[in-house]
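Every number here is computed from the coordinates shown, using simple stated rules; none is lab data. What you are looking at is a predicted structure, and each value in this text was computed from that prediction instead of being measured. Backbone-built Cβ (ideal geometry, glycine too); neighbour counts: all protein chains shown.
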Amino acid sequence: MTMGKTLKNLREKVGLTQKELAERMNVSPAHISQYERNLRNPSISQLKKFADALGVSFNMLLTSKFNSMTESSIEIQKDVVNNFLINDFSEKLIHIGYNLREVSDNVFIIENSKIEYKVSTDDILNLNEKCDLYLKFLLSEIKCL
């Protein structure tokens, strides 16, 4: 089953119109229609919004997305991997008193009570990699002591 068909079936099962679902997700009804007709492919953040609005598990929608993938869906796989890396980086930030907040697709805010930085997904992936390298370096230095 395609992702669009899955979203439409879930919407109908919950008893929502496209307009009602669009209002819950803060998008236009045309967007919902495009997703349901497979004219748009939902990003991971859009899948989260669908899951919340429909009252279903994000993992269930993610599984549906993978099941509907074709071999040309490498971008979807990249999107999923990036999402997990972003969550990993977010957890690292929490440990040092910062939060990561997504303000739109590919735009995030790194913040604490005093400062705020606007960053892209690519920035976060680069920072996450540098953070891992730095942590490995620190661990190697501790072992040398």
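Can you give the net charge of the other residues whose Cβ lies under 9 Å from the Cβ of residue 54, counting K and R as +1 and D and E as -1?
Working: positive: 11, 13, 24; negative: 52.
Residues near residue 54 contribute +2 overall.
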Answer in debye to the nearest 20: the dipole magnitude of region 3-68 about its Cα centre, from +1 Lys/Arg and -1 Asp/Glu charges placed on Cβ, is 140 debye
What does the extension gain come out to for residue 118 and residue 45, with contour length at 0.36 nm per residue minus their alpha carbon separation? 24.5 nm
Simple spin-label estimate for residue 12/residue 59, 7 Å along Cα→Cβ, in nm, reads 2.8 nm
For the cross-link pairs 49/114; 92/130; 13/48; 5/49; 13/49; 48/130, which exceed 20 Å when the distance is taken from alpha carbon to alpha carbon? 49/114; 48/130
Given the Cα-Cα distance of residue 95 and residue 132 and 0.36 nm per residue of separation, how much length would full extension add, in nm? 11.9 nm
